[in-house]
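Each remark here refers to the structure printed beneath this line.
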Amino acid sequence: MNSKIAIFLFGIFVSSFAYKSYENFKVYKVIPKSDVQIQILTDLRKNGSYDFWTDILTVNNEVRILVSPDQEVEFVKYLKSVDLTAEISIKNVQELIEAQLKPSASSKSSQLGSFTWNEYHNLARIHSWLDELQESFPNVVKTVVIGQSVEGHDIKGVIIDFKPGARGDKPLIGMLEGGIHAREWISPATVTWIIKEFLTSNDPDIRFMAETLVWHIFPVANPDGYMYTFTNDRMWRKNRNTANYVTCGNNIEIGNGIDLNRNFDFLWMSVGASSNPCDNTYAGPTPSSELETQAIINYVNQLRVSGNMIYYIAFHSWSQMILVPYSHATGVQVLEASNYADMYEIAIRGAAKLESVHGTQYTVGTSAEILYAVSGSSFDWVKGVADIPIVYLFELRDVGQFGFLLPAEQIIPNNEEVMAGLVEMEKTARGLGYYSGAGDVKSVLLFNLIALVFALLR
Ligand SMILES: [Zn+2]
């Protein structure tokens, strides 16, 4: 055999084995009914043997667990023995992984330059498209690299400024973050869509939003992890830092990586984060230990002194929620965020508008109120330390039918509704006076007073 052919065939052999197969892996849905059952599930998760698609376990809330064919008999038997009922929600994960890699069959399509939203794109394609935009919109778009990942890949985004040099010394600024969790592919697909809308939409409200602020937009904040979901393991969540590796049962790989959205230095490791490298919510050895975290922190710090930074929005999946900071706060505690009532109202209006597009329902609240309490996330840090007025975390489609494996057909409808929601949120925030200073102080005080009264009455 010709040596070139041999190398080529070997390459196919290696690469076909490199991408982890999820053939006959199932996702089970379990609803714990008591603290005892929560403890049972928590113990089950230890050592990383099972991939919990639900991060935090709470009584009466669905927990989705990925189970390999080898584990299945034991898993079902064990749950039965502890009086937990498990229901299959995805019967073959590999089928969905393969289906998700196929371009959408829907007639809906949309294109900007060489880029489309009929399929999910890898990091190289997203980055080359950002370069292309700089060439196509030379007076508006500038690419920006805010740092390198632990494997040395660029954390790259675009600055969109329709009035360069004509904004005075305190330009209004917004920042969007996508792809901090590697397997949440709908996130970069949404953030790239927002870029397209800002650059090309004729809708007067989108034009206003795009042109009134300078936008700093980063589709993939965790480049190594995102690449890894295309090359090795579709279900990877964390970054690819291998410095804290420990062995975790049968799962060789899970002892690597840090959950970047638990690594930020705001109430770090206080709740809803793990100190165990085997966990998908491992917060890292110290706050802001990760290069990717540091890149965002440094950039936000730079933006807040260079202008009037109004917005920071992070995009995740799945659950269909608009989360308001702070993620640890419940009851009266929510008022620790000084303009909580404003943020809540802005999000409620955004969610209503979003629903009006395709009927998709989003819930609004703090993470602790509607999902689970967490700490060390980027958006909480942006609110709590950088003190940016309007900050959210979107949990995009769906509510678990496909979870991270949302079919490509849903990219465009998801994007359309999210864009409509964002436009409504921008209008509402503007109406509340956020562009004329640090928010309308009267409305902040009044709404917070009302919210306080309601919270106390509960
Ligand atoms: Zn996420």
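The values are calculated or read from the model by the stated rules, or taken from the named source; none is laboratory data. Owing to the predicted nature of the structure, the values given are computational and were not obtained by experimental measurement. A quick note on method: Cβ atoms are made from the backbone with ideal geometry, for glycine too, and the neighbour counts reach across all protein chains shown. Side chains are part of the model used for accessible areas, which takes the heavy atoms of the whole protein and leaves out ligands, DNA and RNA. Shrake-Rupley method; radii C 1.70, N 1.55, O 1.52, S 1.80 Å.
Here region 283-303 is scanned for amide nitrogen atoms under 20 Å from the site 7 Å beyond the Cα of residue 169 along Cα-to-Cβ, giving 301-303. So how much accessible area does residue 135 have, in Å² to the nearest 10, using a 1.4 Å probe? The accessible area of residue 135 comes to roughly 150 Å². Probing with 1.4 Å while keeping every protein chain in the model, the per residue accessible area of the chain equals 41 Å². The Rg/Rh ratio for region 224-286 is 0.97, where Rg is the radius of gyration of the alpha carbons and Rh is the Kirkwood radius.
In region 103-233, inverting the average of 1/r over every pair of distinct C-alpha atoms gives 15.4 Å as the Kirkwood radius.
The convex hull around the C-alpha trace of the chain, projected and averaged over every direction, spans 23.6 square nanometres. In the chain, the DSSP-assigned H stretches of four residues or longer account for a calculated mean residue ellipticity at 222 nm of -12500 deg cm²/dmol, using -39500 (n - 2.57) per stretch and the full residue count as denominator. Spread over its residues, the convex hull of the C-alpha atoms of region 20-100 is 92 Å³ per residue. Expressed as a whole percent, the accessible surface of the chain that belongs to carbon and sulfur atoms is 55, based on a 1.4 Å probe. Computed over the chain, relative contact order equals 16 percent, with contacts defined as Cα pairs under 8 Å that lie 6+ residues apart. Projecting the Cα atoms of 406, 230, 354 onto the dipole axis of the chain, where Lys and Arg carry +1 and Asp and Glu carry -1 at the beta carbon, places 354 farthest toward the positive end. With all protein chains in place and ligands, DNA and RNA left out, the 1.4 Å accessible area ranks 357, 73 as 73, 357, largest first. Each label was represented as a point 7 Å from its Cα along the Cα-to-Cβ direction; for residue 143 and residue 102 these points are 3.3 nm apart. Using Cα centres only, tell me the gap between region 365-425 and region 148-226 in whole Å. Using only Cα atoms, the two centres lie 15 Å from each other.
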